[in-house]
Amino acid sequence: MTLPVLTASLVWGAPQWLPAVLAVVVAAGIVLAWGYRRTSGTRTLRLTAASLKAAGIALLAVALLDPLWSGTRVRPGENIIVVLADTSRSMEIVGADQKSSPAAAFRVPLEDERLPWFVRLKQDFDVRRYTFDDRLEPRPSFAELKFDGGSTSLNTALRSLAERFKDRPLAGIVLLSDGAPTDNAATDVAADAKLPPIYPVLPPEIAPAADVTLAHVSATQTGFEDAPVTLTAEARSTGFPGEPVVCQLVDQSGKIVLTQEQTPGRDDGTASFRFQFRPAKDGLSFYRVRVAPKSQLSAFDKPETAREATLANNTRLVQVDRGRGPYRVLYVGGAPNPEHKFLGRALAEDPQVELASLIRIARREPKFDFRTRSGETTNPLFRGFDKTNEETERYDQPVFVRLGIKDERELRDGFPKTAEQLFGYHAVVLDDVEAEMFTTDQMSLVSRFVSERGGGLLMLGGVDSFEKGNFAKTPVADALPVYLQRTTAPHPPAESGYRWQLTREGWLEPWLRLRANEIDERKRLETMPPFRTLNHVSGIKPGATVVATAVDSGGAQQPALVVHNYGRGRAAALMVGDLWRWRLKADPENQDLEKMWRQLIRRLTVDVPGRVTAASEAVAGDLSSAVRIAVRATDAEYQPLDNAQVKLEIHVPEGPSLKIDAEPSRSEPGMYEASYVPRTPGAYRATAAVVDGSGTEFPAVETGWTNDSDADEFRRLTPDRVALADLAARSGGETVELADLEQFVAALAARPAPQTEQSLFPLWHTPWVFALAIACLAGEWGLRRWRGLP
């Protein structure tokens, strides 16, 4: 069988005969013109007869030049065509007729290789057979296909084929799939992986069966104390018109935590649910979200009673990590005040936060002023001794009281002087203290505490805070979200005080709101008492956010609470210095101030990393859906720890736990990595045990992830013909209807391919050329005889 020619042109095999051919053609033309000029008959008749004879002679003369038809064509059997078949379980989902499915449509064309389309494909190309579900596998044949794969890793299968045939003549991929991938590869896989043309064979249109699908679930965490976790879910209902869909939130013990009911929209059949709840415990926990038609709730306990296409897409798992304390907070006060009292009471209600306080109760003051010799003011008994002793004798040290300490050594020498001491805390609160209370090194430690350690810093307003505390041009000022400079114009206090008001950005911060809705929050703000003490600042730093303002009776606004990110941590400036008035003028049962303190401190501490952290994420583009577990370890100063041993214990949904070692990362110091491929749907936990070079063992940390492969596989129950057409268009291919498969394969060899060959074909050997010349001469002879020309 002759293959179609891709490109063609006309060349001459004997161009040396061109002068002779031209001479023959010219002579023949002269003879014909002279002969027909003397012949009787109409002008049209003579021109027609002469033209036919000239054409016949010209064709015969051109044959002397040996005209050749030159072109390129696909080299038979040397270009590879991959036939890629989807064997995932979703291929066997039947439609509303309970018969039609992609698997049923594709089984015969794949398994019977005697069919004309497969025979022709093997004649023209080197055919490679592959199947894919959660893994890509080569097949010697498609006999006895089983559609039992756990997922449809279409994108990663295509990437893998592109890599396998990178330097080989891959002419195209014939894809037989329902077009509903479950992997997490890039959307534009065709362009990104530089794939050859893809030719998806479209499965027949199938009417969807009755089903309710949980399409999407996500969880966000906020600093809102009453409901710190917000969970959103979206369900799609097909075949249950007008029937409400019930969504349930179930904890790990199987207890139903919350339930909502909604009737899906008529247009798209979707229903959205939003749960706000407080987890029963801190740390890592898993919840199951499940949906069902209201009449089918019993199917969760009795699956055989379900009237849906499948129950595998009715549930999804979601993980919630509230962190695990205790979070240590260091409060440094310049003097005893009510602010510390109410802050301590508020944090005492949070079992995950521990408050350690260092409060100055007496400043450093001169002890004696001796008047002896001229110019001498020290005790004459110490005359001649070291001046350090004289200075010590002259001045007292400030007196501090320590509260909430873990042991006698904590804060024994006052404010921490080393990174190891300070970095053990998660947040630092500076209340009414001046810069002179700290050394330059200590203030540098505070700045590093935020930027390097990732801790939280909060400065409260007061007589000796901000600009009044001479913090301008200090390392502490560098970490704050406001500019501190000595202003020349004084700021007289507002006669009627300042009202607390949230900014537009503040309304968007859940940790700053104390009510569940805007109406109640506005009512609460109206009942807050005015404050009298407000520290004025020179300006707001770029990138900082003013979340609350203080408004005087004239409507003038001043920043009251400003936040920003500084390095790895967060810093906040609360310019109001008498929040305690709020509590004194509130109802005894009103806990708004305490709630605000807890949410603000949680905001500063909840994301502060420990010396060891663990995280897990899916490996993008990995064919096996592997999960990468990354453990970061630091020393006491939160610098990367490179000489550690990290062991992971992975707790799987079923069976015993698995222990593996994490290896040092090549991309980041102090990070240790391991990969794990989850095979079973469910919740996974990984516990990391870290031991440093000296043998010191760190407290274990954990991370987790979920595997919802069943829900992902059955997220769509009908073939996605649009997605298949888009994939074909982006790869330079085209879609093929199943009924047109044989016709498509017959024309496939006429498409460009990597391996081609040069072809030369003599035109004189073509019957129609000789027949045309004879026809021209015979036509001229017949015309002359018909008209009676001599």
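The values are calculated or read from the model by the stated rules, or taken from the named source; none is laboratory data. Note that the coordinates shown come from a computational prediction; the quantities given were computed from them, not determined experimentally. Note: ideal-geometry Cβ built from the backbone for every residue, glycine included; neighbour counts use all protein chains shown. For the accessible areas, the whole protein counts, side chains as well, though only heavy atoms, and no ligand, DNA or RNA atoms are used. Shrake-Rupley method; radii C 1.70, N 1.55, O 1.52, S 1.80 Å.
Observations on the structure shown:
- Residue under evaluation THR703, criteria (1) polar (S, T, N, Q); (2) more than 30 Å from VAL627 (Cβ to Cβ); (3) touching a residue at least 12 places away in the same chain (Cβ under 8 Å), criterion not met: (2)
- Residue check for ARG135: open to solvent by 50 Å² or more (accessible area, probe 1.4 Å) and within 28 Å of ARG751 (Cα to Cα): no
- Residue in the range 259-269 that is of a type in the set (Ser, Thr, Tyr), touching a Leu at 6+ places or on another chain (Cβ under 7 Å), over 21 Å from PRO510 (Cα atoms) and in a strand (DSSP E or B) present: no
- Listed here are the strands (runs of 3 or more DSSP E) enclosed by the range 391-487 that have at least 3 residues being closer than 30 Å to ILE540 by Cα and either without any contact (Cβ under 8 Å) to a residue 40 or more places away in the chain or among the hydrophobic types (A, V, I, L, M, F, W, C) (or both): 427-431, 456-460.
- Boolean, THR545 is touching an Asp or Glu at 6+ places or on another chain (Cβ under 9 Å), of a type in the set (Ser, Thr, Tyr) and at pLDDT below 90: no
- Pairs, first without any contact (Cβ under 8 Å) to a residue 40 or more places away in the chain and basic (Lys, Arg) in the range 657-678, second assigned to a strand (DSSP E or B) and open to solvent by 40 Å² or more (accessible area, probe 1.4 Å), C-beta under 6 Å, six or more apart: LYS659/GLU649
Table: residues versus (1) touching a His at 6+ places or on another chain (Cβ under 7 Å); (2) surrounded by fewer than 13 Cβ atoms within 10 Å (Cβ to Cβ); (3) over 21 Å from GLY95 (Cα atoms); (4) not polar (S, T, N, Q).
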site: THR232; (1), (2), (3), (4): no, no, yes, no
site: THR238; (1), (2), (3), (4): no, no, no, no
site: SER253; (1), (2), (3), (4): no, yes, yes, no
site: THR259; (1), (2), (3), (4): no, no, yes, no
site: GLN262; (1), (2), (3), (4): no, no, yes, no
site: SER272; (1), (2), (3), (4): no, no, yes, no
site: PHE286; (1), (2), (3), (4): no, no, yes, yes
site: LEU297; (1), (2), (3), (4): no, no, yes, yes
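- Considering residues of the range 507-543 that are of a type in the set (S, T, N, Q) and within 21 Å of ARG603 (Cβ to Cβ) only, the residue surrounded by the fewest Cβ atoms within 10 Å (Cβ to Cβ): ASN517
- Filter result for the condition that a residue is within 19 Å of ALA723 (Cα to Cα), under 29 Å from the mean Cα position of the chain (by Cα), open to solvent by less than 50 Å² (accessible area, probe 1.4 Å) and small (Gly, Ala, Ser), over SER101, SER151: SER151
- For the range 447-468, filtering for residues that are open to solvent by less than 10 Å² (accessible area, probe 1.4 Å) and basic (Lys, Arg) leaves 1.
- If you check GLU697, GLU734 for being touching a residue at least 40 places away in the same chain (Cβ under 8 Å) and not β-branched (Val, Ile, Thr), only one passes: GLU734.
- Scanning the range 20-47 for residues that are open to solvent by 80 Å² or more (accessible area, probe 1.4 Å), assigned to a helix (DSSP H, G or I) and either out of contact with any helix residue (DSSP H, G or I) (no Cβ under 9 Å at 6 or more places or on another chain) or on the phi > 0 side of the Ramachandran plot (or both) yields VAL26, ILE30, VAL31, TRP34, ARG43, THR44.
- Selection within the range 379-415: residues that are among the β-branched types (Val, Ile, Thr) and open to solvent by 70 Å² or more (accessible area, probe 1.4 Å). The member of this set that is modelled with the highest pLDDT is THR388.
- Wholly within the range 617-724, strands (runs of 3 or more DSSP E) carrying at least 3 residues that are over 30 Å from ALA157 (Cβ atoms), among the aliphatic types (A, V, I, L, M) and open to solvent by less than 60 Å² (accessible area, probe 1.4 Å): 682-691
- Residue in the range 560-602 that is most open to solvent (accessible area, probe 1.4 Å), counting only those that are within 30 Å of LEU648 (Cα to Cα) and not in a loop (DSSP other than H, G, I, E, B): ARG602
- Some residue of the range 325-341 being among the aromatic types (Phe, Trp, Tyr), more than 34 Å from the chain's Cα centre (by Cα) and assigned to a strand (DSSP E or B): yes
- Note on the range 72-92: residues that are surrounded by fewer than 18 Cβ atoms within 10 Å (Cβ to Cβ) and of a type in the set (Gly, Ala, Ser) total 1.
- Evaluation of VAL745 against the conditions (1) under 28 Å from the mean Cα position of the chain (by Cα); (2) modelled with pLDDT of 90 or more; (3) at negative phi shows that the sole unmet condition is (1).
- Residues satisfying the stated conditions in the range 603-616, i.e. crowded, with 21+ Cβ neighbours inside 10 Å and either basic (Lys, Arg) or farther than 25 Å from GLY567 by Cα (or both): ARG603
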